[in-house]
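**Q** Take this structure, written in structure tokens, and hold onto it; I'll ask about it next.
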Amino acid sequence: YKLSNSKTANKELVNTLLTGKDENRIGLVGYGATVVPSASADLTKNSGELNTIIDSWSTISGTCICCGINNATERFKQQSPLEKLKEMIVMSDGKASTKCKQQGTGDKNKDAIMAACDANFTLQNLIIYSVGFGSDVEVSTMQQIAQCGNGKYFFADVGAITDIYKDIAQEIKKNSFISIQTFNYIKMIFYNETSLHEEMITDIPKDIFETKKYNFDLQ
């Protein structure tokens, strides 16, 4: 019942975000005691491929949360341009049971949290959502994972996981309208009747509500 609801929720996310009207792509990272390649997928717009992989998921032992986060981070790093908005959903229905050498804290939960912090440090324009699914979740760990990723923590009992994923899908759709374009400079060009003057400005406002004044010698 828990696995079936998880599959339904993930399919809901795929079908909501991959409508053909935008540039969204989705990847999957399935994990137990380690990452399961056959249960994972690179970033793609192919909803059929993703749903087929989701259908293939089965219950396995172990919960290596840091493994899942590290693998997702690497996929983003290799497959998504720096300037693109990246949103990671970390779902777990149990406590972390495996440590990661990459983080090396010596503690399973701390490794999971550190993996999220490392992802946020490594990737630009990243938001991490965490979802605790069922009564066996280590809530504090999942909350701190979301905090490290500037995101939100959601808790769902077995019957409500699909509704939670609908909420996350709407969050992602809303975020896709936020501009993350960065500018290195502004070029000002002044014209008169016979010539022009160009001025390159690198000290530009960092926020849309910030106002700066610039002085030029127009002679």
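Please treat every number below as a calculation from the coordinates, not as lab data. What you see is a predicted model; the values in this text were computed from it and never measured. Here the Cβ is made from the backbone with ideal geometry for all residues, glycine too, and neighbour counts use every protein chain on show.
**Q** Hey, among S92, S97, which residue is touching a helix residue (DSSP H, G or I) at 6+ places or on another chain (Cβ under 9 Å) and surrounded by 17 or more Cβ atoms within 10 Å (Cβ to Cβ)?
**A** Exactly one residue qualifies, and that residue is S92.
**Q** I would also like to ask the following. Among (1) farther than 30 Å from Y1 by Cα; (2) in contact with a strand residue (DSSP E or B) (Cβ under 6 Å, 6 or more places away or on another chain); (3) surrounded by 19 or more Cβ atoms within 10 Å (Cβ to Cβ), there is one condition M142 misses while meeting the rest; what is its number?
**A** Among (1) farther than 30 Å from Y1 by Cα; (2) in contact with a strand residue (DSSP E or B) (Cβ under 6 Å, 6 or more places away or on another chain); (3) surrounded by 19 or more Cβ atoms within 10 Å (Cβ to Cβ), the lone unmet condition for M142 is (1).
**Q** While we're here: Of all residues in the range 36-55, which are surrounded by 12 or more Cβ atoms within 10 Å (Cβ to Cβ) and more than 27 Å from E83 (Cα to Cα)?
**A** V36, A39, N51, I53, I54
**Q** Do we find that T73 is crowded, with 16+ Cβ neighbours inside 10 Å and either polar (S, T, N, Q) or in contact (Cβ under 8 Å) with a residue 24 or more places away in the chain (or both) in this structure?
**A** yes
**Q** Quickly run through the range 9-19 and pick out the residues that are exposed (fewer than 14 other Cβ atoms within 10 Å of the Cβ) and part of a helix (DSSP H, G or I).
**A** N15
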